[in-house]
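In what follows, a structure is listed as structure tokens, so that the remarks can point back to it.
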Amino acid sequence: MQAGKGAGVHRKGAMVLSDLINRVKKNPNFHKVGALGIFVGVVRGETLEGRVVKKLELEAYEEKANEALERICAELRRKEGIVDVQIHHLIGEFDVGEDLVYVIVAGSHRHHVFPVLEEAVERYKREAFLFKKEYVSDEKGEITSYWVSEREK
């Protein structure tokens, strides 16, 4: 689902990073941009405790997630030197190494872009209504699954 003008949750496969970069470059104020910061979140192959991750399942309360992502982007776009902020989170079933989220910040200088990029990532993890289920295997190869809360990390 596409939300607003630069943020939202989307089914796996519906978003391509190069298309998002091109979208940012079509911003009428792109002539003010001197730096693009891009964060690509991918499925990590092990948990913080060292357990082997086999796959992830991501779900969202889409209406609320889209509202939160759009709000975060709108607020961050008001920061000094920032031209555009986009956050696009994918939902569905993912294997290790697959892309999960794209965050793009366009600004006049890198010293404007990097802090906003980090803030965007930290905020979507806290504020968006996204739910992650990890499928892990133990020493015997048995697979178990559980829902993970970003707020617990």
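Every number here is computed from the coordinates shown, using simple stated rules; none is lab data. It should be emphasised that the depicted structure is a prediction, and the values quoted were computed from it without experimental measurement. All Cβ positions, glycine included, derive from the backbone under ideal geometry; neighbour counts span all protein chains shown.
Ordering 133-141, 86-94, 112-120, 50-58 by mean Cβ neighbour count within 10 Å, with the highest value first, yields 86-94, 112-120, 50-58, 133-141. Angle of helix 110-127 to the longest C-alpha principal axis of the chain, folded into 0 to 90 degrees and rounded to 10: 40°.
Taking the Cα of Thr47, stepping 7 Å toward and past its beta carbon, and measuring to each backbone N in the range 126-146: which are under 20 Å? Only 130-146 fall inside the zone, counting backbone N under 20 Å.
In a reduced charge model with +1 at each Lys and Arg Cβ and -1 at each Asp and Glu Cβ, the range 1-88 shows a dipole moment near 300 debye about its Cα centre.
Exceedance of the 25 Å cut-off in Cα-Cα distance is limited, within the set Lys12/Lys133; Lys12/Lys32; Lys25/Lys54, to Lys12/Lys32; Lys25/Lys54.
With the cut-off at 24 Å, report for the chain the share of all Cα pairs above it, as a whole percent.
Values: 4009 of 11628 pairs.
Counting every Cα pair in the chain, those more than 24 Å apart make up 34 percent.
Going by average Cβ density within 10 Å per residue, which order do the peptides 36-43, 99-106 take, highest to lowest? Numbers along the way, then the final one.
Details: 36-43: 15.5, 99-106: 23.4.
Top to bottom by mean Cβ count within 10 Å: 99-106, 36-43.
Over the range 2-67, all Cα pairs binned in 5 Å intervals from 0 give whole-percent P(r) values of 3, 11, 18, 19, 18, 14, 9, 5, 2, 0, listed from short to long. Within the straight-line cut-off of under 19 Å between alpha carbons, the lysines reachable from Lys26 are Lys5, sequence neighbours fewer than 8 places apart in one chain being disregarded.
Rounded to the nearest 20 Debye, what is the dipole magnitude of the chain about its Cα centre when Lys and Arg each give +1 and Asp and Glu each give -1 at the C-beta?
On the way: 25 positive and 26 negative charges, 142 e Å.
Computed about the Cα centre, the dipole is about 680 debye.
Residue farthest toward the positive end of the dipole of the chain, with Cβ of Lys/Arg at +1 and Asp/Glu at -1: which of Ile87, Leu48, Ser145? Checking the options against the dipole of the chain, the answer is Ile87.
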